[in-house]
Amino acid sequence: MEALWAFIVASLPAVLGFLLDLLWIVILLVVGSKLIKFAVKMLKSIMQKSNVEPGVITFLSSLAKYALYFVLGMVILSQFGVTSASVIAVLGSAGLAVGMALQGSLSNFAGGVLILLLKPFVVGDYIVENGGGQEGTVAEIGIFYTKLLTVDNKAIYLPNGALSNNSIVNVSAMAKRRVDIEVGVAYNSDLAKVKAVLTDIATNEEARLENEDMNVFVSSLGDSSVNMGVRIWVNSGDYWAAKWRMTEEIKLALDKNGIEIPFPQVDVNLKK
């Protein structure tokens with residue numbers, strides 16, 4: 001019993017020292033996390049007041065947060081007697097393994113940097129990623145992923161590496177777009193009348209830019225129809241509304257004027 005008591009007394013300073021170190025680490029972790037959140041919030045506020053692009057704000061804020069947490073981790077490790085030189089030496093010796101393990105993440109990080117530097121798109125643009133066929137409005141450009149919102153409000157997260165290596169269609173890049181509509185009419189139709197009907201619809205389209213070209217023409221001669229083309233220019237934001245409205249009006253106007261829109265038909269002959 002005396003030996004046990006002597007052991008406890010002898011170990012008490014070490015135990016108390018460990019508990020104090022542990023308490024200090026918890027305090028560092030709690031206070032450090034709050035300071036990091038405050039610093040990142042201040043950084044975002046400064047960049048927003050400086051009219052920095054939203055994508056750059058998100059990217060740099062995330063980068064600063066991870067960097068500050070790394071510094072906090074180094075401070076905490078130092079409480080256990082681990083020096084920064086030791087950590088760097090370990091990371092250096094394991095650099096190849098770490099690089100192989102994080103190859104995809106590093107590629108995504110590099111892709112994010114390229115996106116911010118080259119600016120093929122920015123937050124708010126509507127893009128189509130041709131590699132996987134994903135499309136939507138850019139909501140956020142992060143360190144590793146870009147977030148898109150679809151028209152039905154689904155969130156799509158695309159790796160920055162894939163975005164930087166695949167072709168991208170930026171639908172919002174230009175202020176105006178051309179609306180192209182093709183409709184087939186029967187071969188016995190009066191083409192002059194058809195063109196007059198289509199021209200009237202195109203001319204009266206409320207979203208049409210009057211200073212831009214408007215075309216109504218025979219596009220091609222199909223197997224069962226003469227394909228007519230209608231082209232007008234609208235502001236990019238009016239594209240879909242104008243296209244849907246004109247498509248409906250063309251159908252109604254052709255029906256009203258007795259102009260047939262052919263559809264596939266099959267004649268079946270029965271032999272006895």
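Please give the per residue accessible area of the stretch 171-272, computed with a probe of 1.4 Å over protein heavy atoms only, in Å².
On the way: 6890 Å² over 102 residues.
On a per-residue basis, the stretch 171-272 sits at 68 Å².
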Task: the stretch 124-146 versus the stretch 36-81: alpha-carbon centroid distance in Å - done: 24 Å
TODO: Could you tell me whether the stretch 181-262 comes out rounded, prolate or oblate from its Cα gyration tensor? Rule is a ≥ b ≥ c as square roots of the eigenvalues, rounded for a/c under 1.5, then prolate if a/b exceeds b/c, otherwise oblate.
DONE: prolate
TODO: Report, to the nearest whole %, how much of the accessible area of the stretch 122-211 belongs to carbon and sulfur atoms, 1.4 Å probe, protein only.
DONE: 48 percent
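Charges at C-beta only: +1 for Lys and Arg, -1 for Asp and Glu. How large is the resulting dipole of the stretch 162-250 about its Cα centre, in Debye rounded to 20? Each step should come with its number before you reach the end.
Working: 9 positive and 13 negative charges, 44 e Å.
Charge dipole of the stretch 162-250: 200 debye, to the nearest 20.
Roughly speaking, what is the stretch gain from Gln134 to Val169, that is 0.36 nm per residue apart minus the C-alpha to C-alpha distance, in nm to one decimal? Intermediate results must be reported in sequence, preceding the final value.
Numbers: separation 35, 0.36 × 35 = 12.60 nm, distance 1.07 nm.
Full-extension gain reported as 11.5 nm.
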Open item on the list: Through the Karplus equation 6.51 cos²θ - 1.76 cosθ + 1.60, θ set to phi - 60°, convert the phi angles of the stretch 201-214 into ³J(HN,Hα) values in whole Hz; use x for Gly and Pro.
Closed with: 5, 5, 5, 8, 5, 5, 8, 5, 7, 5, 8, 10, 5, 10
Open item on the list: Please compute the modelled spin-label separation between Leu270 and Arg178, points set 7 Å along Cα→Cβ, answer in nm with one decimal.
Closed with: 5.1 nm
- [ ] Using +1 at the Cβ of each Lys and Arg and -1 at the Cβ of each Asp and Glu in the stretch 183-272, identify which of Tyr239, Val185, Phe217 lies farthest towards the dipole's positive end.
- [x] Val185
Task: Net charge of neighbours whose Cβ lies under 15 Å from the Cβ of Gly258, counting Lys and Arg as +1 and Asp and Glu as -1 - done: 0
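Place the peptides 222-235, 137-150, 40-53 in order of packing, highest mean first, counting for every residue the other Cβ atoms within 10 Å and averaging per peptide.
Values: 222-235: 17.1, 137-150: 19.1, 40-53: 12.2.
So the order, starting with the most tightly packed, is 137-150, 222-235, 40-53.
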Task: Spin-label model distance (nm) - Lys193 vs Asn235, 7 Å beyond Cα toward Cβ - done: 3.8 nm
TODO: Please give the FRET efficiency for Val113 paired with Asn51, using the beta carbon to beta carbon distance and R0 = 25 Å, rounded to the nearest 0.05.
DONE: 0.75
Task: Spin-label proximity, Glu206 to the stretch 232-248 - amide N less than 16 Å from point 7 Å beyond Cα toward beta carbon - done: 234-235, 237-248
- [ ] Rounded, prolate or oblate: pick one for the stretch 165-215, where a ≥ b ≥ c are the square roots of the eigenvalues of its C-alpha gyration tensor, a/c under 1.5 means rounded, and failing that, prolate if a/b is larger than b/c, else oblate.
- [x] oblate
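The values are calculated or read from the model by the stated rules, or taken from the named source; none is laboratory data. The model shown is predicted, which means the values in this text are computed figures rather than measured ones. Quick reminder, even Gly has a Cβ in these numbers, built from the backbone with ideal geometry, and neighbours come from all protein chains shown. Areas reflect the complete protein model, heavy atoms only, side chains present, ligands, DNA and RNA absent. Shrake-Rupley method; radii C 1.70, N 1.55, O 1.52, S 1.80 Å.
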